[in-house]
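*Asks:* Below are the structure tokens for one structure; questions will follow.
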Amino acid sequence: MKLKFDAIFLDRDGTISHDPYGYINDVKDYDFFDFTFEALELLHQYSDKFFIVTNQSGLSTGKIDIDNLESIHAYINDEFRKRKLPLKNIYFADNYDEDYFSMRKPGIGMFQKASEEFNINLENSLMIGDSIVDMQVGNRLKMKTIFLLTGMGNDYLNDVQSTCDVDLVSNNLLEAAKDIRLILQ
Ligand SMILES: [Mg+2]
């Protein structure tokens, strides 16, 4: 059976993990939501490629140290690998550039890179996130989009609903994984 999505792109903070301070600079402060892996097991039925795409502009302001970011991403990779979840790469944007092609969401840079490096058809992919920029970049690339109310989601909900084209709004990643059939045709 052909899998539904070429790839599922996940935002990091507020989507698969808590977002307590707006940035995280220590692996000890990095906590997955308790439902994240149950959700990812369900989502894995629809794609054999996951990517994480995360804005980490704290790198350019000194709030985040690159070694600490790498420790966090090594931890994330280990947790996916333990569960045989195919996390193909973690892309991060380290500055505040907001051009159309920039790495920082809603720039399309991280997605273009994934598309080139892993031969992904973005129009046949899904973006899941809790920020308006996640939905904006998904719209730019004609991806399917799921907006989550975890993290910053509640704060962005009105703006997202009035300015973005969102396929599904869910309370959290697990609910999204259970309701994903609503956006499959
Ligand atoms: Mg987020």
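The values are calculated or read from the model by the stated rules, or taken from the named source; none is laboratory data. All of these numbers come straight from a predicted model, not from anything done at the bench. Methodologically, a virtual Cβ is constructed for each residue, glycine included, from the backbone with ideal geometry; neighbour enumeration extends over all protein chains shown. Calculation scope for accessible area: heavy atoms of the full protein, side chains included, ligands and nucleic acids excluded. Shrake-Rupley method; radii C 1.70, N 1.55, O 1.52, S 1.80 Å.
*Asks:* Any residue at all in the stretch 65-87 that's surrounded by 15 or more Cβ atoms within 10 Å (Cβ to Cβ), within 21 Å of Asn124 (Cβ to Cβ) and out of contact with any Phe, Trp or Tyr (no Cβ under 8 Å at 6 or more places or on another chain)?
*Replies:* No, the conditions are met nowhere in the stretch 65-87.
*Asks:* Go through Asp155, Asp97, Asp134, Asp179 for me and flag whichever is surrounded by fewer than 17 Cβ atoms within 10 Å (Cβ to Cβ) and in contact with a strand residue (DSSP E or B) (Cβ under 7 Å, 6 or more places away or on another chain).
*Replies:* On the way: Asp155 fails: in contact with a strand residue (DSSP E or B) (Cβ under 7 Å, 6 or more places away or on another chain); Asp97 fails: in contact with a strand residue (DSSP E or B) (Cβ under 7 Å, 6 or more places away or on another chain); Asp134 fails: surrounded by fewer than 17 Cβ atoms within 10 Å (Cβ to Cβ).
Exactly one residue qualifies, and that residue is Asp179.
*Asks:* While we're on this one: Exactly one condition in (1) modelled with pLDDT of 95 or more; (2) away from the ligand (no atom under 16 Å from the Cβ) is false for Phe50; which is it?
*Replies:* (2)
*Asks:* Does Lys28 qualify as being open to solvent by 30 Å² or more (accessible area, probe 1.4 Å), assigned to a loop (DSSP other than H, G, I, E, B) and free of Cβ contacts under 8 Å to residues at least 60 places away in the same chain?
*Replies:* Values: open to solvent by 30 Å² or more (accessible area, probe 1.4 Å): yes; assigned to a loop (DSSP other than H, G, I, E, B): no; free of Cβ contacts under 8 Å to residues at least 60 places away in the same chain: yes.
Judged against the criteria, Lys28 is not a match.
*Asks:* Identify all residues within the stretch 34-64 that are over 26 Å from Glu117 (Cα atoms), without any contact (Cβ under 8 Å) to a residue 60 or more places away in the chain and open to solvent by 40 Å² or more (accessible area, probe 1.4 Å); write none if there are none.
*Replies:* Listed by number, the residues that qualify are Asp34, Thr61, Gly62, Lys63.
*Asks:* If you go through the stretch 138-169 one residue at a time, how many are within 14 Å of the ligand (Cβ to nearest atom) and part of a strand (DSSP E or B)? Walk me through it before giving the result.
*Replies:* At the first step, the residues of the stretch 138-169 found to be within 14 Å of the ligand (Cβ to nearest atom) are 138, 145-157, 160.
Of the ones still in play, those that are also part of a strand (DSSP E or B) are 145-148.
Residues in the stretch 138-169 being within 14 Å of the ligand (Cβ to nearest atom) and part of a strand (DSSP E or B): 4 in total.
*Asks:* Could you check how many residues of the stretch 26-36 are under 21 Å from Phe92 (Cα atoms) and either within 16 Å of the ligand (Cβ to nearest atom) or among the hydrophobic types (A, V, I, L, M, F, W, C) (or both)?
*Replies:* Initial filter on the stretch 26-36 (under 21 Å from Phe92 (Cα atoms)): 26-33, 36.
Those left that are additionally either within 16 Å of the ligand (Cβ to nearest atom) or among the hydrophobic types (A, V, I, L, M, F, W, C) (or both): 27, 29-33, 36.
Residues flagged as under 21 Å from Phe92 (Cα atoms) and either within 16 Å of the ligand (Cβ to nearest atom) or among the hydrophobic types (A, V, I, L, M, F, W, C) (or both) within the stretch 26-36 amount to 7.
*Asks:* Taking the stated definitions as given, is Ile120 in contact with a helix residue (DSSP H, G or I) (Cβ under 6 Å, 6 or more places away or on another chain), in a loop (DSSP other than H, G, I, E, B) and open to solvent by less than 70 Å² (accessible area, probe 1.4 Å)? So that I can check it myself, show each step before the final result.
*Replies:* Working: in contact with a helix residue (DSSP H, G or I) (Cβ under 6 Å, 6 or more places away or on another chain): yes; in a loop (DSSP other than H, G, I, E, B): yes; open to solvent by less than 70 Å² (accessible area, probe 1.4 Å): yes.
Considered against the rule, which asks whether it is in contact with a helix residue (DSSP H, G or I) (Cβ under 6 Å, 6 or more places away or on another chain), in a loop (DSSP other than H, G, I, E, B) and open to solvent by less than 70 Å² (accessible area, probe 1.4 Å), Ile120 comes out as yes.
*Asks:* So, one more: Any idea which of Ile90, Ile108 is of a type in the set (Val, Ile, Thr) and more than 15 Å from the ligand (Cβ to nearest atom)? It would help to see each step written out before you state the result.
*Replies:* Numbers: Ile90 fails: more than 15 Å from the ligand (Cβ to nearest atom).
None of the others qualify; the one that does is Ile108.
*Asks:* Restricting attention to the stretch 81-106, which residues are within 17 Å of the chain's Cα centre (by Cα) and more than 12 Å from Arg12 (Cβ to Cβ)?
*Replies:* Leu85, Pro86, Lys88, Asn89, Asp94, Ser102, Met103, Arg104, Pro106 - these are the residues of the stretch 81-106 that are within 17 Å of the chain's Cα centre (by Cα) and more than 12 Å from Arg12 (Cβ to Cβ).
*Asks:* Run down Leu59, Leu10 and say which single residue is within 16 Å of the ligand (Cβ to nearest atom), under 20 Å from Leu122 (Cβ atoms), aliphatic (A, V, I, L, M) and modelled with pLDDT of 95 or more.
*Replies:* On the way: Leu59 fails: under 20 Å from Leu122 (Cβ atoms).
The conditions single out Leu10.
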